[in-house]
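Notes follow once the structure below has been shown.
The values are calculated or read from the model by the stated rules, or taken from the named source; none is laboratory data. On a predicted model such as this, the values are computed, not experimentally measured, just so you know. Please note: Cβ atoms are built from the backbone with ideal geometry, for glycine as well, and neighbour counts cover all protein chains shown. Surface accessibility is based on the protein's heavy atoms, side chains included, excluding ligands, DNA and RNA. Shrake-Rupley method; radii C 1.70, N 1.55, O 1.52, S 1.80 Å.
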Amino acid sequence: MSQNRAIPAWREGESLSRALVNLLLKGGSLVGLVALSAAFAILSPHFFTLGNWLNIFRQVAVVLIAASAQTMVIITAGIDLSVGSVLALGGCLAAVAMSYWGWPFVSGALLGVFFATLAGLASGVIIAKGRIPDFIATLGMLGAIRGIALLITGGLPVPSHFTATKLAGYLPQSIVWLGSGDIKGIPVPMVFALLVVAITWFILNRTTFGRSLYAVGGNREAARAAGINVDRIKILVYGVSGLYCGLAGLVLVGRMNSANALMAEGLELQTIAAVVIGGTNLFGGKGSVFGTLIGAILMGVLSNGLNLLNVEPFWQRVVNGLLIVAVVVFDQWRRRVTRD
Amino acid sequence: MPQTPILEVRNVSKSFPGVKALDTVSMDVLPGEVHALLGENGAGKSTLMKIISGIIPKDAGEIFLDGKPVHFLSPRDALNAGVVLVQQELSLVPDLSVAENIFLGRWPRRGVQVDWNTIFSETFHLLERFGIKEDPRTPVGSLSVAEQQTVEILKAVSRPNLRILLLDEPTSALSEDEVNRLFELVAEIKKTGIGIIFISHKLHEALRIADRVTVLRDGRKVVTEEARRLDERMLFEYLTGKSVEVLETGHGGDHTEAVMLALEGFSSGGFVRDVNLKVRKGEVFVLFGLIGSGRTTLARGLFGLERTTGKMTLEDKVVQPKSPQEAIALGIGYLPEDRRQALVYELPVFANITLAILSRVSRRGILRLREETSLAEDFVRSLRIKTPNIFREVLYLSGGNQQKVLLARWLARKPKLLIMDEPTRGIDVGAKFEIRAMVRDLARQGLAILYITSEPVEALEVADRIAVMRGGRIVRIFERTDGIDKTVLLAVASGVS
């Protein structure tokens, strides 16, 4: 009866509740996003304005870039817990080079992104060659990389008030523009993040690397038996994750006009949440970056809406945490309903 | 003499959206009878089993147990009434002992304690009664699949109220020898007067074990007939609705073609040793052996999945692939015994077909989708892969069609040597014949094929030459297949002279 499994019983349903279930199953996160936005729009007059939406996108940009990388990693049945630390490392290095060493924007940015990529590749090598679970390896890297970032900055913000002078020690305008500038009213970080999403889509759907990611995550043994170099794919995907985090680090430093080694703490949870809300299978083999886009926006809308409603930031953490749990429960339910 | 059937199914129907899975099907099971239920995938036999055992409800019809109408709303209802289903996936707890598993969930008690003495002694008697030499204290996880299955069946038999035993494809993972032992057990259980429904793909097994046979096709009953009035060819026609074109045996003989693969003193995985053989272009070379004889280990060695020593020559070049990647680059393709080791179920049909030729359907790492999909379309057409379209996940295809997708993957690579490990296991009879015919056809086009099977009839049908393996060695090579009887193959493979 394998043919029937493709046609779950609810498809035939006609009642309103059945239709609702159907809608949730197909477009879960999008439905959630629309419903949440509608609720906030009713509760707060400031929510549904162009200015506020652009603001949401500005805030979401960093998470979105890192979550695009997380999507690729999770599709290979991996997980990257070190995204926040790697972002901080890249951002701090770039900021130190630009502000203290007087490097121009491009070379400073390249330096930060280069070392972030290297950190990602290191995770990949540990996982692939050391045969260590992704979870453990990147958990270790989460601590180690954060430590290196602290060593580089001496625990101080970059540029800091102690060292900055009028002549040297400030960040170049280019990075500030990247993080908080706009092109005819459209935030630069938003454009940049959407560009990253588009590139990620292209990688996943139009390249042999992307296809290999799905194969490795869907069935590692099968991928190997089809001649795919699984270790190489694993190392590369963590390298790409590091690269993306380096880029996200530049955006964040530009937005804050400052870097510090403790920035982007907890980013791993935010990115994983965005990926899971977006419908990507935590066990690998299935997922899309557009889902992640919706997921990231949904998280941004949630925190923005709660801010507008003057909910304490501490409560926001509680809500964010519960949201992740709720989404996984929803995902399990969706899988059960569509499989039977 | 008319007996009251233990179980009677009368005009049962069941629909799933878009499909009528069962259409007014009737059958009955007499006391002490083994009733074989045959059908291709999708014929409705699993649906019928699930209805009888209360897993899914019926839409229409009646079921009688010992002449009384019954309505099972859950598997528990069915269990309580004495209807037990033994499924393909075993439901044993590996870390518990044989005895604990048999009494799982209904351990006898003495006060608040579990009464271990009773459990072990009753299990001991049960094992003895059916002539099974097993220690009740052995953890189930350390038993072979066949032994675990025996435990699963005994678990059902140990229920005091057992009336009907449903065995769902119990032989699919067993070797010939283990099948024999299973059949002895079934024969013993028959004597206790309960009814047994035996579901299978394998026609000759059904004919051997069953008293009567019922054939389903497309949700309808085709026939119920006494087994002794049937033969394999008749059953095949009932199953598929087509008449059989029996493949001729005894191809062999033409040894003029160039050698594609030569092995000298070849060892693989520490178990297979001292293998010497030659596979020629355009021939199907069968490796015949029982499960555990080392056929798969040898194949895995050739494909770079096991450590190997000795000399391996592929088209005059000495090679030693250390990974599948290397083996594939050398021109070797491998369909493993278990399709799950090769298919990425959540990828669509076309992506599974092109998985081993990604570099050929891309330029600088960017896929050329049009080229890729049109290539996949061609294979779907030429191999007659049944799928709504090439974008369907492989997950939803039947076993036979999944196997064809894998075949397409390797044909797309145009290999020099294709290794096929039990390519017809667990698939429809129709697809089985189709795949065997395809194999013959590929050989005719000049491909060298190493074909692994443990079914003697299949070996004789596809082979040009046959090597028999036992205990990690090749014990005999038959240069021709005509005049060999399947019993000869079996005797050589099991070491009986």
Subject >> Where Cα atoms sit under 12 Å apart: lysine pairs in the stretch B:1-159 separated by 8 or more or lying on different chains >> reply: 5
**OP:** Search the structure for amide H atoms under 5 Å from the amide H of B:LEU7, placed 1.01 Å from N in the peptide plane, and list their residues when 5 or more places away or on another chain.
**Re:** B:VAL29, B:ASP66
Subject >> Full-stretch length increase - B:HIS125, B:VAL112 - with 0.36 nm per residue and alpha-carbon distance subtracted >> reply: 2.2 nm
**OP:** Between the chain alone and the structure with every protein chain in place, find the residues of the stretch B:303-327 that drop at least 50 Å² of accessible area; heavy atoms, 1.4 Å probe.
**Re:** B:GLN325
Original post:
What FRET efficiency do you get for A:LEU36 and A:PHE135 if R0 is 41 Å and r is their Cβ-Cβ distance, rounded to the nearest 0.05?
Top reply: 0.85
Subject >> Neighbourhood net charge (12 Å Cβ-Cβ; Lys/Arg +1, Asp/Glu -1) for B:PRO423 >> reply: -2
Original post:
Taking A:LYS234 as the anchor, which lysines have their alpha carbon closer than 23 Å to its alpha carbon, excluding any fewer than eight residues away along the same chain?
Top reply: A:LYS129, A:LYS286, B:LYS322
Original post:
How many nm is it between the label spots at A:LEU269 and B:SER158, if each spot is 7 Å from the Cα in line with the beta carbon?
Top reply: 4.8 nm
**OP:** Can you tell me the dipole magnitude for chain A around its Cα centre, using point charges on the Cβ only (Lys, Arg +1; Asp, Glu -1), in Debye to the nearest 20?
**Re:** 640 debye
Subject >> Qualifying aspartates and glutamates (Cα of each under 14 Å from Cα of B:LYS386; at least 8 residues distant if same chain) >> reply: B:GLU377, B:ASP378, B:ASP428, B:GLU434
Original post:
Considering the alpha-carbon set of chain B alone, what are its Rg and its Dmax in angstrom?
Top reply: 24.6, 79
Original post:
What average count of beta carbons from other chains do you get within 10 Å of the Cβ of residues in B:364-373?
Top reply: 3
**OP:** Given the options A:SER44, A:SER85, A:SER212, state which has the largest fluctuation in a GNM of chain A using a 10 Å cut-off (strictly under) for Cα springs.
**Re:** A:SER44
Original post:
Can you give the mean number of other chain Cβ atoms that lie within 10 Å of the Cβ atoms in peptide A:203-211?
Top reply: 5
**OP:** Using +1 at the Cβ of each Lys and Arg and -1 at the Cβ of each Asp and Glu in the stretch B:7-240, identify which of B:HIS71, B:HIS125, B:VAL157 lies farthest towards the dipole's positive end.
**Re:** B:HIS71
**OP:** Take every Cα pair under 8 Å in chain A that's 6+ residues apart, average their separations, divide by the length, and report that relative contact order as a whole percent.
**Re:** 32 percent
Original post:
So what does B:ASP231 come to for accessible area, using a 1.4 Å probe and Å² rounded to 10?
Top reply: 70 Å²
**OP:** Describe numerically, in nm with one decimal, the distance between label points set 7 Å from Cα along Cα→Cβ at A:LEU194 and at B:SER359.
**Re:** 3.9 nm
Original post:
Amide H to amide H under 5 Å from B:ILE197: which residues, 5+ apart in sequence or cross-chain, H placed 1.01 Å off N in plane?
Top reply: B:HIS35, B:LEU165, B:LEU166, B:LEU167
**OP:** Return one whole number: the accessible area per residue of the protein assembly as shown in Å², for a 1.4 Å probe.
**Re:** 44 Å²
Original post:
Accessible area of A:LEU309, 1.4 Å probe, to the nearest 10 Å²?
Top reply: 60 Å²
Subject >> Reachable aspartates and glutamates, given that their alpha-carbon falls under 14 Å from the alpha-carbon of B:LYS191 and they are not under 8 places away in the same chain >> reply: B:GLU33, B:ASP211
Original post:
How many angstrom separate the Cα center of the stretch B:38-115 from the Cα center of the stretch B:174-225?
Top reply: 18 Å
Subject >> Dipole magnitude of the stretch A:293-340 about its Cα centre (Cβ charges: Lys, Arg +1; Asp, Glu -1), debye to nearest 20 >> reply: 220 debye
Original post:
Using modelled backbone amide H atoms (1.01 Å from N, in-plane), which distant-in-sequence or interchain residues come within less than 5 Å of B:ILE452's amide H?
Top reply: B:LEU287, B:MET420, B:ASP421, B:GLU422
Subject >> Principal-axis tilt of helix B:369-382 within chain B, Cα atoms, nearest 10 degrees >> reply: 70 degrees
Original post:
Residue by residue through the stretch B:433-447, which ³J(HN,Hα) values in whole Hz follow from phi under the Karplus form 6.51 cos²θ - 1.76 cosθ + 1.60 (θ = phi - 60°), with glycine and proline marked x?
Top reply: 4, 5, 5, 4, 5, 4, 4, 4, 5, 5, 5, 4, 7, x, 6
Subject >> Stokes-Einstein D (µm²/s) once Rh is taken as the Kirkwood radius of the protein assembly as shown over alpha-carbon pairs, at 4 °C in 1.567 mPa s >> reply: 42 µm²/s
Original post:
Got a number for carbon plus sulfur as a percent of chain A's accessible area, 1.4 Å probe?
Top reply: 68 percent
Original post:
When the solvent-accessible surface of protein heavy atoms is calculated with a 1.4 angstrom probe, in what order do B:LYS45, B:LYS278 fall, highest first?
Top reply: B:LYS278, B:LYS45
**OP:** Take the solvent-accessible surface of the protein heavy atoms, probe 1.4 Å, and return the percent of it on the stretch B:7-240 that carbon and sulfur atoms account for.
**Re:** 48 percent
Subject >> Simple Cβ-charge dipole of the protein assembly as shown, Lys/Arg +1 and Asp/Glu -1, about Cα centre, in debye nearest 20 >> reply: 1860 debye
Subject >> For B:PRO139, net neighbour charge (Lys/Arg +1, Asp/Glu -1) across residues whose Cβ lies under 14 Å away >> reply: -4
Original post:
Counting only protein heavy atoms and rolling a 1.4 Å probe, how much accessible area do B and A lose on contact, total for both sides, in Å² to 100?
Top reply: 2900 Å²
**OP:** Mind giving me the nanometre distance, one decimal, between the label points for B:THR138 and B:ARG384, set 7 Å out from Cα along Cα→Cβ?
**Re:** 4.5 nm
Original post:
Which whole-Hz ³J(HN,Hα) couplings does the stretch B:340-351 yield from phi under the Karplus relation 6.51 cos²θ - 1.76 cosθ + 1.60, θ = phi - 60°, glycine and proline marked x?
Top reply: 5, 7, 10, 8, 9, 4, 8, 8, x, 3, 5, 5
Subject >> Number of partner chain Cβ atoms within 10 Å, mean per residue of B:389-396 >> reply: 2
Original post:
When the accessible area of each residue in the stretch B:329-353 is compared between its chain alone and the complete protein assembly (1.4 Å probe; ligands, DNA and RNA ignored), which residues differ by at least 30 Å², being lower in the assembly?
Top reply: B:GLN341, B:VAL344, B:GLU346, B:LEU347
Original post:
Just which residues of the stretch A:213-251 lose 10 Å² or more accessible area with every protein chain there, against their chain alone, with the probe set to 1.4 Å?
Top reply: A:TYR214, A:ALA215, A:GLY218, A:ASN219, A:GLU221, A:ALA222, A:ARG224, A:ALA225, A:ALA226, A:GLY227, A:ILE228, A:ASN229
Original post:
To the nearest 0.05, how large is the calculated FRET efficiency for B:LEU395 and B:LYS20 if R₀ is 25 Å and r is the Cβ-Cβ distance?
Top reply: 0.60
